[in-house]
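The values are calculated or read from the model by the stated rules, or taken from the named source; none is laboratory data. What you see is a predicted model; the values in this text were computed from it and never measured. Note that each Cβ is placed from the backbone with ideal geometry, even for glycine, and that neighbours are counted across all protein chains shown. Note: accessible area is taken over every heavy atom of the protein model, side chains too, but ligands, DNA and RNA are not part of it. Shrake-Rupley method; radii C 1.70, N 1.55, O 1.52, S 1.80 Å.
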Amino acid sequence: MSSGAGAPGAGEELCELCAAPAGTAHRHLLDLADRELRCACRACAVLFDHAAAGGERYRLVPDDRRLLRDFVLDDTTWADLNIPVQMAFALRDSAAGWTALFYPSPAGAVESPLEEATWQRLEEANPVLRGLAPDVEALLVNRTGAAREHWLVPVDDCYTLVGLLRTHWKGLAGGPDVWNEITDFFTELRRRSRTATSADHPLRT
C-alpha cells in the first residue's frame, strides 16, 4: 500500500492514545491500571504534561535526566541490598505505598526486597530523592567495573536497560555483545544528563 503524505512509514510507532504517528524520539505515558508504558505523540504528551490531565489512569513519564555527582551510597549499604548484579533501579510505587527495588536480568526486571528504613536512610543522606516523581521516575545505580554512578531518570530508561540484557545476553556471563551495549547505554545516558547534587531541593520545577 502506498504511503501518502502524513501516513506513517513501515514499522513507525503510533501514539497509543490517538493513533497518530508518535515520531522517533517520542514520550511515554504510564498506564497506572496495568503498569504498562504507552507511546505518546507530541500532542498527547503536551496534553498530559499536567498532573490532573491523566486522572487516575495515565501519568506522563518525565524527560529529565540528572547525574548525581555526590550521591551517598556506600559499599556496605549496597551489599545490604543483596543485588546479584552491579546495576539496580528504585522507584516509588504509589499503588503499593512503598519504594520498589529492581535489577535488570536476562529474564527481565526482577524485584528485590527493600526495607523502608533503608530507603529512608538514603533519603536523609540524599534529599533529592524526596522529589522523585512517583511511578515514572527512578534512581538508577551503575556499579559495573569501577563505576559508581547514580542518576535520576525516566522509568522508561530503566526498561530500555532491561531490554538490552534480555535481547543480547548469551551464556552464563552475558558475552561481549551485551556488555558493549550496556557501555553504550551509559555513555549515551551521560551525554543526555545534566549534573545535579544529592542535596538539591527535592521540589520539582
For this session: State yes or no: is residue 88 at pLDDT 95 or above, small (Gly, Ala, Ser) and either in a loop (DSSP other than H, G, I, E, B) or closer than 17 Å to residue 75 by Cα (or both)?
Result: yes
Exercise. Do we find a residue being surrounded by 14 or more Cβ atoms within 10 Å (Cβ to Cβ), modelled with pLDDT of 90 or more and either touching a strand residue (DSSP E or B) at 6+ places or on another chain (Cβ under 7 Å) or not hydroxyl-bearing (Ser, Thr, Tyr) (or both) anywhere in segment 48-55?
Worked result: no
Problem set entry | Pairs, first without any contact (Cβ under 8 Å) to a residue 24 or more places away in the chain in segment 71-85, second among the aromatic types (Phe, Trp, Tyr) and open to solvent by less than 90 Å² (accessible area, probe 1.4 Å), C-beta under 8 Å, six or more apart | 84/103; 85/103
For this session: Answer yes if at least one residue in segment 163-179 is buried (at least 18 other Cβ atoms within 10 Å of the Cβ) and under 25 Å from residue 74 (Cα atoms), and no otherwise.
Result: no
Seminar exercise, completed: Of the listed residues (190, 143), the one being touching a residue at least 12 places away in the same chain (Cβ under 8 Å) and farther than 17 Å from residue 83 by Cβ is 190
For this session: Give segment 106-152 a look and list any residue that's acidic (Asp, Glu), more than 12 Å from residue 92 (Cβ to Cβ) and part of a helix (DSSP H, G or I), or say none.
Result: 124
